[in-house]
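Enquirer: Below are the structure tokens for one structure; questions will follow.
The values are calculated or read from the model by the stated rules, or taken from the named source; none is laboratory data. These numbers come from a predicted model, not from an experiment. With ideal geometry, Cβ positions are generated from the backbone for all residues, glycine too; neighbour counts draw on all protein chains shown.
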Amino acid sequence: MSLHLSAAPMSPPEFIAALRGLSHRYWGTHPFHQRMHGGELSEEELKIWAANRWYYQCVLPQKDAAIISNCPVPEIRREWLDRIVYHDGTKAGDGGIERWLRLCTAVGLDREEVLDQRHVAPGVRFAVDAYVTFARTKPWLEAVASGLTEMFAGHLMQRRVADMLANYSWIAREDLAYFTNRIDKVSGEGKGTLDIVVRHAVTREQQEKAIAALSFKTDVLWSMLDAIERAAAKE
Ligand SMILES: O=C(O)c1cc(C(=O)O)c2c(n1)C(=O)C(=O)c1cc(C(=O)O)[nH]c1-2
């Protein structure tokens, strides 16, 4: 992407439109997700998906901790801390990570084979690790902007809950607590995160870098599903 470093900053509506304009790169349209939503995945393919996405769920708190460790702004750190608690919970057996494990067992995986990551495909590990490295090495604002896929996630997760209940008879609504809970959390289409990015990306360069960060993140997610699709095809 070319950076217009000396150009005037975009107005907030223009900047937001440029960020939203990346929606076509979001993993909602990936062929694997389309097959999942269409009820075309076998039991085995769903297992591969859940066990691989586990790796993403596992590292999210480390990614968020990296953002906090790079951020000198107390109110951002305070707000961001909530994400770590959301995934890790306040005690063992609590939190988003545990809700993902519940989904894993609902699709027929043993906890042990999820926890020991035996099913995690190399491409998934590379993509997810790249996301964490991005958060560790880039300025905090770019790392926050990379999380703006949240703008697109709420709608997709709502469809996912409906489509999974309709198409996979062995999955019950309670098994999808991970998603129903997360939908509430990102309601407002990531407005909190978008507000931070719009408020703090004030130069054209910062805005361009935020857009590039979101683009990078759509590539991370897309690559994860490419690797999952390939791993599932071998089953
Ligand atoms: O199910 C989905 O499609 C989906 C997508 C994304 C996303 O767009 O990154 C996240 C989630 N779920 C999610 O549950 C979640 O906790 C989450 C955290 C983040 C992030 O980048 O910090 N993305 C996502």
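Enquirer: So, in the range 132-167, how many residues would count as being surrounded by fewer than 18 Cβ atoms within 10 Å (Cβ to Cβ) and over 17 Å from the mean Cα position of the chain (by Cα)?
Expert: Selection size over the range 132-167: 7.
Enquirer: How many residues, within the range 56-78, are assigned to a helix (DSSP H, G or I) and either away from the ligand (no atom under 13 Å from the Cβ) or touching a Ser or Thr at 6+ places or on another chain (Cβ under 6 Å) (or both)?
Expert: Qualifying residue count for the region: 7.
Enquirer: Restrict the check to the range 43-50 and report whether at least one residue is in a helix (DSSP H, G or I) and in contact with a Cys (Cβ under 9 Å, 6 or more places away or on another chain).
Expert: Yes, the conditions are met somewhere in the range 43-50.
Enquirer: Which residues, counting only those in the range 159-217, are part of a loop (DSSP other than H, G, I, E, B), of a type in the set (S, T, N, Q) and away from the ligand (no atom under 16 Å from the Cβ)?
Expert: Of everything in the range 159-217, those that are part of a loop (DSSP other than H, G, I, E, B), of a type in the set (S, T, N, Q) and away from the ligand (no atom under 16 Å from the Cβ) turn out to be S169, T203.
Enquirer: Check whether at least one residue in the range 5-20 is within 16 Å of the ligand (Cβ to nearest atom), surrounded by 15 or more Cβ atoms within 10 Å (Cβ to Cβ) and in contact (Cβ under 8 Å) with a residue 12 or more places away in the chain, and report yes or no.
Expert: Yes, the range 5-20 has at least one match.
Enquirer: Any idea which of P31, P72 is surrounded by fewer than 12 Cβ atoms within 10 Å (Cβ to Cβ), at pLDDT 95 or above and in contact with a Leu (Cβ under 9 Å, 6 or more places away or on another chain)?
Expert: P31
Enquirer: Is at least one residue of the range 102-122 of a type in the set (S, T, Y), in a helix (DSSP H, G or I) and under 19 Å from V186 (Cα atoms)?
Expert: Taking every residue of the range 102-122 in turn, none turns out to be of a type in the set (S, T, Y), in a helix (DSSP H, G or I) and under 19 Å from V186 (Cα atoms).
Enquirer: Residue check: is R83 touching a Cys at 6+ places or on another chain (Cβ under 6 Å), without any contact (Cβ under 8 Å) to a residue 24 or more places away in the chain and within 26 Å of S215 (Cβ to Cβ)?
Expert: For R83, the condition - touching a Cys at 6+ places or on another chain (Cβ under 6 Å), without any contact (Cβ under 8 Å) to a residue 24 or more places away in the chain and within 26 Å of S215 (Cβ to Cβ) - is not met.
Enquirer: Only one of (1) at pLDDT 95 or above; (2) within 15 Å of the ligand (Cβ to nearest atom) fails for Y86. Which number is that?
Expert: The one condition Y86 does not meet is (1).
Enquirer: Could you please find all residues in the range 186-197 being surrounded by fewer than 17 Cβ atoms within 10 Å (Cβ to Cβ) and touching a residue at least 40 places away in the same chain (Cβ under 8 Å)?
Expert: Within the range 186-197, just G192 meets the criteria.
Enquirer: Could I ask something else about it? Can you pull out the residues in the range 93-131 that are of a type outside the set (D, E, K, R), away from the ligand (no atom under 16 Å from the Cβ) and surrounded by fewer than 19 Cβ atoms within 10 Å (Cβ to Cβ)?
Expert: Result: G93, T105, G108, L115, Q117, P122, G123, F126.
Enquirer: Still on this structure: Under 7 Å between Cβ atoms, at least 6 apart or on separate chains: pull out the pairs that start in the range 140-157 with a residue that is more than 9 Å from the ligand (Cβ to nearest atom) and end on any residue that is charged (D, E, K, R) and modelled with pLDDT of 95 or more.
Expert: E142/K209
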